[in-house]
Every structure is written in C-alpha cells, then in structure tokens.
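Here's the structure, in structure tokens; my notes come after.
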Amino acid sequence: MLQTAPRAPSDDKRWRMVDTRMRRLGFSPDGLIEVLHTAQEAFGYLEPEALDYIGASLGVPPSRVYGVATFYSHFTLKPKGRHTCVVCTGTACYINGAGAILRRIEDDLHVRPGETTEDEEVSLLTARCIGACSLAPAVVLDGRIQGKLGPDDVMNRLEQL
Amino acid sequence: MPTPLTPVLSATWDARDSWTLDAYEKQGGYQALRTALTMEPDAVVALVKDSGLRGRGGAGFPTGMKWGFLPKPDGGPRYLVVNADESEPGTCKDIPLMLASPHVLVEGAIIAAHAIRAAKAFIYLRGEVVHVYRRLLAAVAEAKDRGYLGANILGSGFDLDLVVHAGAGAYICGEETALLDSLEGRRGQPRLRPPFPAVAGLYARPTVVNNVESIASVPSIVANGPDWFSGMGTGKSAGVGLFSLSGHVTRPGQYEAPLGITLRELLDLAGGVRHGHELKFWTPGGSSTPLLTAEHLDVPLDFESVAGAGSMLGTRALQIFDETTSVVRAVLRWTEFYAHESCGKCTPCREGTYWLVQVLRRIEAGKGTEEDIEKLLDICDNILGRAFCALGDGATSPIVSAVKFFRDEFVAGTHTPAWELFPYERSTLFAEVPAR
C-alpha cells in the first residue's frame, strides 16, 4: 500500500497545473482523461514519468493509464513541435484536395504525418473529418481552423506562423 | 410545390453575437425552460412523446420513449448525457449548432434533466473541436450566473449541475455505451446490452443518452407545443432536421428543413451539383449508411422512405459525389477510417475492417482478382450483425451498396487502376479552380 502521496517527477512548475487539476477532481480515478488533457497541455506530450505520476496519484494502475493514453488519438507520447498543423483528410476535404495539401507539406518540410520537422518547428498531423465539411479542404493551424485553402495558401500561412 | 426551408434551430445563427446569453434571451430564449419548470416531469416526457421527436443522432429512436424507460426514482443519482461526439464522416450539424447557438442546447439539457429527474448532466464533446469547447464552457458559465443552472433553478426547487466534458479523439465514443465508459475515464469500448443505459448507464445508474440536435429541439417543442412539431415532416418522421450537404455541391452547408424533403429539392437550394458535372452517388446519412444514386433523388428523406430505398436516414449528412469520383477510391477511404477507428474489442470488426482495406487497396491499384469482389462481400457478411456495436455494421454499408450499384468499377479493378479510370485531379476542386 502506498503510504505517502506520490511526488511530482521534477520541480518543474508545470506539475502544479496537473496537481491543481487532480485536486479539483478529488483525485478520482474517473478523472484520468481530464488530467491527461491537462498534462499534455502543460508539457505538449505525455512522458512516461507523467503517466506513472498521474496513475499513482489517482490510484489507477499503469496498464490502464497507458491503455487510455494510447487509445485516444489526441494524446501523444512523443514531443511535439512549436506549431501544429492538422490536415483534415475527411471525405469532403479529401475530394476537395486535402491530398495535394498534405503532399505539398510533406515535400516542402520533409515531414510525414505524425512526425515533427527536424528543427522542431512544425508537427504535421492528419484528422479524419473535423466537422468543417462546408469549409473543405480544412486545415487547423495552431488550433485555428482555416478553410478553402490551396496548397500554396497553406504553405504561406505555415511560414507566417 | 417545393418544400421550403424551415429554420428553427438555425433561425438565430446569423443574429449578432448569436452565441451569447443576451442574444439568446432576446430571441425568446429560456422562456421554454420557465414553462417546463411549472410542469410535472412526467408531463414534459409526455409532451415530447406526443411531439413524435425521434433521436437525431442516426438511429431515430423516439426521444420521449427513451426518457420514459427510466425506472422510478429510488433516491440515487440519475444522469443525462448529451452525445456531442459528432465524428461521422460528412456530418457537420451539431458542431455548427453548438458554435452558433450553444444556449439552445443548454436550455434543452436543463428541460430534459428536469423531465427525467436528473441532478447531473454531461455534454460529451469531441476533444478536437476546442473552439466549440470554449464556447460551451462560456455558455454554461453564463447560464449559471443568471440562475438557469445550479441550485434551485428559477425558484423551482430543481437543481442541476451541467458538466462539459471533452473527449480525446476516438470515433467509437459516439457509440453511447462506449461514450459512457469514456466518461468514466476508461478506454471507450462499447458495453454489452442489456442492461441498457436507461437501467444501468453511467456509474451503473439510470442514464439517458441523447444527441445534441434531439436535446436542442426540446425547447422549441415545449414553447410551441407538440402539435406544431408533429405537424411538420411526414407520418412517422415528425418535425424538422438539419441536413448537411458537402462534397461536389455548389453551396455546401447546413439546410434546416422538414423531414421528408428530397435531395432534388435540397440540391436546388444548394445551387446544384458542381457546375458542369452530374450526380453519381451520395450518402443519405454519413458514411455508415448505404450509398444511393441519382435514381434516388426523389426519395423523401424521412426514416421510413430512406429505409425503403435500402439505406438509412442516419445523421442527414448528404455527401455528394459527381461522375469524376471513383467509387472504389471513396469506399476505400471510408474503410481505412473504420479500420483505424475500430476499437479492437471484437474480432469481426477489428480483423474484418483490416482485411477489407487490404482487398480494396488491391482493387484500387487494378491488381484485384475475380474472387476479390466475392471476398469483400463475404467479409462484410461476416461482420454485419456479428460485430459488438454498430461501427462494424456501418463499415460494411458503403461496400455492399457500392458493389450493388457499381459492380463494374470493382470488376475493372481486376485490370485497371482506379486512378487511370478516374484521374484523381478531376474530382478535386483545385484541378479546375486555379489556386487563389
């Protein structure tokens, strides 16, 4: 049995955000997904130490923490770049040219979906339908949806980030 | 006479700052809640039953009846869960609704919670749509400030805590029991039914799970009466609904019309199929519904008629494809989606969707064999009805219907790649519209 509360993996101040979130949720095991959200927002990704610490704090076994963190596509166990670019490859975007946008980014930035550029500037991701079908083709740059763009426009906006 | 548009939910979308509480109240918002709180909960349930409102999330189960299934209160907690995990390919109705008019959902949720005597309600939102998340959080905070949420709402003695919960990216969480598991902080995998959520749902307590549009329809039904609602639509498919048009259509977007409108009428409103092209095939309700062709242009879009035409009304996500589109390629894209999103709990879906993708990739590349088409249908037959939840069934719908209507394209996949038969750049907009 665990006698004392688990200690944060480091004295990084960002752990306080995670701790506050857990406290607000009453350290309840069913708050796992919310806490993982907070940790990923704070650190950009979920490192193994974060999974261990959150699991121990909430009383959730490591197997379940890892299971949840890898089940949901939003969570990433790898560090992300400074900017993120999500290309929607849902049906409407696909027939409106998402493929050309994706190819252009891949060629110009030498990066594949799910990867980050070597200079750690841009992480390229794909999503299946972000519910902006009437804006097709849609991309999400740093959390902002941009619609009806061609490959050139997307590259321009990426450079302006 | 063509069916006119009937904006009810979308009526206020272009009002100034339509998402704020002030703008919503100016349009008569939260008056229905005052009416509902003077009524007995069972009377609200009866009213929604009388209106004929059927679930807007795809299955079309009568909403009032679902509420009526809850057992008598035993003093323990009961929950209302709003399914806002809209992720069906092509479906874009709930997200614009919540963005433009979040308060109609909040008001609907309070009325529904009152009707089923729940003191806690959740809105389970897709994690990807952070802009909607922020807007819902703001709307809930506004409503709380003005006494529409919290303890003793409007002096009625009714308490409600409404929580907005963001998912984390999993299509399967739109399935109601998987959604409940996800709300409990687990992997979203569907549960065995029975017990149904009405009996043992969230935390094994009586729970109602409703789609966003169903709940958002409740305030107008309370305000205008059940006869107003059932007077629209057709026979067993009462009322209005949001139809989302996308794909090769001139003006894509959401069109709110009575159920029973036809695609021909909707296409007229949307400026028709992409200029210079003609309709080849379309989905009536997202990619999980069997696709239809130009011969079904006049099928009334209500639950019975679309089922009669061999498909499903689903979420009314009408994806339009013109003659430049390879049906093999479109179906492969959807199947890749299902293979990716299969949660892995049951074998027919997990393995079946994987093999469907392998066979379809061969056919797309023109390297299929004569047996491949039968193999596709055989795999579909082994998924349909044998998968744990509707995801597996949905994965087979586009394939079986595509083979039914466009078998020759699959046969051509034994010798010619799809990209030679249907050069892909012809079906994209950028090939014809120079980049701006």
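Any read-out appearing in this document is the output of simple, stated calculations on the displayed coordinates, not a laboratory observation. Bear in mind that the values here come from a model prediction, so they are computed numbers and not experimental data. Virtual Cβ from ideal backbone geometry, glycine too; neighbours counted across all protein chains shown.
What to note about this one:
- Residues B:Met65, B:Met312, ranked from the fewest to the most other C-beta atoms within 10 Å, line up as B:Met65, B:Met312.
- Shape call, the range B:281-429: gyration tensor on alpha carbons, a/c limit 1.5: oblate
- Anchor B:Lys144: aspartates and glutamates whose Cα lies under 17 Å away (excluding residues fewer than 8 positions away in-chain): B:Asp22, B:Glu25, B:Glu107, B:Asp159, B:Asp161
- Under 13 Å from a label point set 7 Å out along the Cα-to-Cβ vector of B:Met65, no amide N atom of the range B:2-45 is found.
- In the protein assembly as shown, a dipole from Cβ-located charges (positive for Lys and Arg, negative for Asp and Glu) runs towards its positive end, and of B:Leu291, B:Asn152, B:Ser427 it is B:Asn152 whose Cα lies farthest in that direction.
- Between B:Gly247 and B:Ile320, the built amide H atoms are under 5 Å apart, and every one of these is 5 or more places off in sequence or on another chain.
- Across the range B:226-231, computed HN-Hα scalar couplings (Karplus, 6.51 cos²θ - 1.76 cosθ + 1.60, θ = phi - 60°) run x, 5, 4, 6, 6, x Hz from first to last residue, x flagging Gly and Pro.
- The charge dipole of the range A:15-71, taken about the Cα centre with unit charges on the Cβ atoms of Lys, Arg (+1) and Asp, Glu (-1), comes to about 180 debye, rounded to the nearest 20.
- Share antiparallel - DSSP beta bridges, the protein assembly as shown, percent rounded to 5: 45 percent
- Of B:Thr369, B:Phe410, B:Cys380, farthest towards positive along the dipole that unit charges on Lys, Arg, Asp, Glu beta carbons give the range B:365-426: B:Cys380
- Peptide ranges B:241-254, A:139-152 listed from the most packed, as the mean C-beta count within 10 angstrom indicates: B:241-254, A:139-152
- Angle in degrees between helix A:14-24 and the longest Cα principal axis of chain A, rounded to the nearest 10: 70 degrees
- C-alpha long axis of helix A:32-43 to longest principal axis of chain A, angle in °: 70 degrees
- Inter-chain Cβ neighbour average for residues A:147-157, partner chain, 10 Å: 2
- Using C-alpha pairs below 8 Å separated by at least 6 residues, the relative contact order for the range A:83-160 is 40 percent.
- Counting Cβ atoms of other protein chains within 10 Å of each residue's Cβ and taking the mean over peptide A:121-132 gives 5.
- Only Cα pairs under 8 Å and 6+ residues apart enter the sum, and on that basis the relative contact order of chain B stands at 16 percent.
- For the listed residue pairs A:Lys78/B:Lys345; B:Lys49/B:Lys120; B:Lys66/B:Lys236; A:Lys78/B:Lys120; B:Lys26/B:Lys66, the alpha carbons are over 28 angstrom apart in A:Lys78/B:Lys120; B:Lys26/B:Lys66.
- Sorted peptide list for B:147-158, B:25-36, criterion being average Cβ within 10 angstrom, highest first: B:25-36, B:147-158
- Helix-only [θ]222 nm of chain A, DSSP H runs n ≥ 4, -39500 (n - 2.57) each, per residue, nearest 500: -12000 deg cm²/dmol
- Farthest toward positive dipole pole in chain B [+1 Lys/Arg, -1 Asp/Glu at C-beta], among B:Gly276, B:Thr177, B:Gly308: B:Thr177
- The charge dipole of the protein assembly as shown, taken about its Cα centre with unit charges on the Cβ of Lys, Arg, Asp and Glu (plus for the first two, minus for the last two), comes to roughly 1260 debye.
- For the pair the range B:355-414 / the range A:17-73, the C-alpha centres are spaced 40 Å from each other.
- For chain B, hydrophobic long helices are taken as DSSP H runs at least 18 Å long by C-alpha position along their axis with mean Kyte-Doolittle hydropathy of 0.5 or more; these are B:102-116, B:212-224, B:390-405.
- Mean residue ellipticity at 222 nm, helices only, chain B: -12500 deg cm²/dmol; runs of at least 4 DSSP H residues each add -39,500 (n - 2.57), and the sum is divided by the number of residues.
- Panel order for B:Tyr24, B:Tyr338, by other beta carbons found within 10 Å of each beta carbon, from fewest to most: B:Tyr24, B:Tyr338.
- Global form of the range A:15-71, assessed from the alpha-carbon gyration tensor, a/c cut-off 1.5: oblate
- Placed amide H near B:Lys280: partners under 5 Å, 5+ positions off or other chain: B:Phe321, B:Asp322, B:Glu323
- Under 5 Å, built H, 5+ apart or other chain: amide partners of B:Asn211: B:Arg56, B:Gly57, B:Asn83
- The dipole here belongs to chain B: it is taken about the Cα centre, uses +1 on the Cβ of Lys and Arg and -1 on the Cβ of Asp and Glu, and is about 920 debye.
- Each DSSP beta bridge with both residues in chain B is either parallel or antiparallel, and the antiparallel ones are about 45%.
- Of all DSSP beta bridges in the range A:76-146, antiparallel share, percent nearest 5: 55 percent
- For the range A:15-71, relative contact order (Cα pairs under 8 Å, six or more residues apart, normalised by length) works out to 33 percent.
- By the beta-carbon count within 10 Å of each Cβ, the least crowded to most crowded order of A:Arg14, B:Arg187, fewest first, is A:Arg14, B:Arg187.
- Taking a ≥ b ≥ c as the square roots of the eigenvalues of the Cα gyration tensor, the range B:13-106 is oblate, since a/c reaches 1.5 or more and a/b is not larger than b/c.
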